[in-house]
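Okay, so here's the structure we're looking at.
Nothing in this text is a laboratory measurement; each read-out follows from the coordinates by a stated rule. It should be emphasised that the depicted structure is a prediction, and the values quoted were computed from it without experimental measurement. Cβ coordinates were reconstructed from backbone atoms using ideal geometry, including for glycine residues, and neighbour counts include every protein chain displayed.
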Amino acid sequence: MLLDRGSIDLDRDLVLVPAGLAILFGYHLLLLYRLFRFPHTTVIGYENHNKRAWVERMMQTTPEETAIALQVISSSISASTNLASLSIALSSLIGTWIGSSSKVLMSEVIYGDTSQPTSSVKYVSLLTCFLAAFTCFIHSARYLVHASFMLSTLDSDIPISYVQNAVIRGSNFWSMGLRAMYFATALLLWIFGPIPMFVCSVFMVMILHLLDTNSTPLHHFRYHPNKGLEKRINARHASSILENPMYPPLP
């Protein structure tokens, strides 16, 4: 009787857990396809479009206005580093949990396989997701720091595309880190059994589909002349005329 119950519990894990992971992976593969082929239909593509326009506008600002761009990037770097710290802290917590032997409650609650190999797979999978999230958030902060260096290089001929690529890559790594956290949430529920993990996967895909779908058309940004930059150029020109009155003023 115990053997039959153990085989049934193992069958639950072998069916429901791969099905839940297949749903999550399948949705994200579809999202990746839409992002490459139809980026305007995804929230990530919509945000990347706006960020490219923001970088283009920030590259046209005066040195005094560059502090606005640096402040925005600094807040994004702080968010990435905080989530990276959270991910590595949760990884350490999972590692401590693996090493502990206080698993008395699990055998009474879980409707699934509670053998030692399956438990090890659960904890290692969860630890892998948190470490992947930590790596993605660290790379996000790295690219954003690089973008801040390029934005703070005044009076340079850095191509706008260089800064845009750095900001977009930082944003993409941020999204990948969040996706790893979503996978970790589903795997965390697997500790309590394959049924909660499968239900969480289905529910998460439904919510993510609503959050990742964009119906707002892309806006074509138009920039007005930078009045501050024009005033600064006119002031320099006026001072040069005063220093060299022999040169006639430019039309």
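The table below gives the values:
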| item | result |
| --- | --- |
| FRET efficiency, 1/(1 + (r/R0)^6) with R0 30 Å, evaluated for THR213 and GLN60 via beta carbons | 0.40 |
| Efficiency of FRET between ILE158 and PHE36 - r from beta-carbon atoms, R0 22 angstrom, step 0.05 | 0.25 |
| Gain in span if fully extended, SER119 to VAL43, counting 0.36 nm per residue against the direct Cα distance | 23.7 nm |
| Ratio Rg/Rh [Cα only; Rh per Kirkwood] for region 2-226 | 1.10 |
| Inter-label distance for VAL199 and LEU178, nm, one decimal - labels placed 7 Å from Cα along Cα-to-Cβ | 2.6 nm |
| For ARG57, ARG52, ARG222, order by how many other beta-carbon atoms lie within 10 Å, fewest first | ARG222, ARG57, ARG52 |
